[in-house]
Amino acid sequence: MKQTKQMSETHLLGILLAVVGGFLDAYTYICRGHVFANAQTGNIVLLGVHLTNQNWGKAFYYVLPILAFVLGIFVCEMIQSLFKWKESIHWRQLVVLVELFCLILAGFLPLGKTDTLVNVMVSFVCALQVEAFRKMNGNSYATTMCTGNLRSATENLYRYLKNRDAQCLKNSLQYYNVIVFFIIGAAVGSYLTLHMGANAVWVSCIGLLAVFLAMFHHKQEKTI
């Protein structure tokens, strides 16, 4: 029987992307000015705090990664629209290539004066990732944040305990697994950032390269 499931929706790619997501959050927080470049909720809260205190410079500092995230969503949708029906390369592979380019460039930028620029770039990258990879085995999930995954994991666990639905248990374990690998990515990112500084971001490119190669070699990947 011919396999039709897209490689971009597999559990393997989900955990690879979760590792990258956790790594980048730790990286920007530890060495790029205590900014969570993945999930923008923290930045929005800090923006509100600084606006209340009339600290305009700090407020602007947190506005930039938020705007970069918005731009990333727009760019991802544009890539999908322009390359959705191309047979030579899948549009999600192009998204990963853009991510790789941005992160490689970020690693060359020194700590300190360029932190704001790097946070903007990483926020942009995370927006591309969260927009392009939204399904895992048919279920909605995220690879750059954990709140939604934690909710879905627990919801499916409850349904399994109530109805003994094996699929709900499988879904729950997959969601929890993604969270675990996000934590692993954050731990590895923290350790390497403390020892490698700005260049640590290049290590996260290994995960993205693995994602690109997996999609490239998966012959059953179809455009949607």
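The values are calculated or read from the model by the stated rules, or taken from the named source; none is laboratory data. Keep in mind that this is a model prediction, so the values were computed, not measured. Note that we place each Cβ from the backbone using ideal geometry, even for glycine, and neighbour counts take in every protein chain shown.
Taking every residue in the stretch 46-60 that is among the charged types (D, E, K, R) and pairing it with any residue that is surrounded by 14 or more Cβ atoms within 10 Å (Cβ to Cβ), at least 6 positions away or on another chain, the pairs with Cβ-Cβ distances below 7 Å are Lys58/His50. Taking the criterion of being touching a residue at least 24 places away in the same chain (Cβ under 8 Å), of a type in the set (A, V, I, L, M) and assigned to a helix (DSSP H, G or I), the residues of the stretch 1-45 that qualify are Met7, Leu12, Leu13, Ile15, Leu16, Leu17, Ala18, Val19, Val20, Leu24, Ala26, Ile30. Residues of the stretch 163-175 that are surrounded by fewer than 17 Cβ atoms within 10 Å (Cβ to Cβ) and either in a helix (DSSP H, G or I) or among the polar types (S, T, N, Q) (or both): Asn163, Ala166, Gln167, Leu169, Lys170, Leu173.
Just one of the listed residues (Val188, Val201, Val122) is over 27 Å from Val70 (Cα atoms), part of a helix (DSSP H, G or I) and under 16 Å from the mean Cα position of the chain (by Cα), namely Val188.
Here Tyr158 passes the criteria (1) over 18 Å from Leu12 (Cα atoms); (2) in contact (Cβ under 8 Å) with a residue 40 or more places away in the chain; (3) not hydrophobic (A, V, I, L, M, F, W, C) except the one numbered (2).
Among the residues of the stretch 46-96, the one identified as in a loop (DSSP other than H, G, I, E, B) and buried (at least 17 other Cβ atoms within 10 Å of the Cβ) is His90. None of Phe108, Phe124, Phe133 is of a type in the set (Phe, Trp, Tyr) and more than 29 Å from Val180 (Cα to Cα) except Phe108.
Could you say whether any residue in the stretch 94-106 is modelled with pLDDT of 95 or more and over 17 Å from Ala210 (Cα atoms)? Taking every residue of the stretch 94-106 in turn, at least one turns out to be modelled with pLDDT of 95 or more and over 17 Å from Ala210 (Cα atoms).
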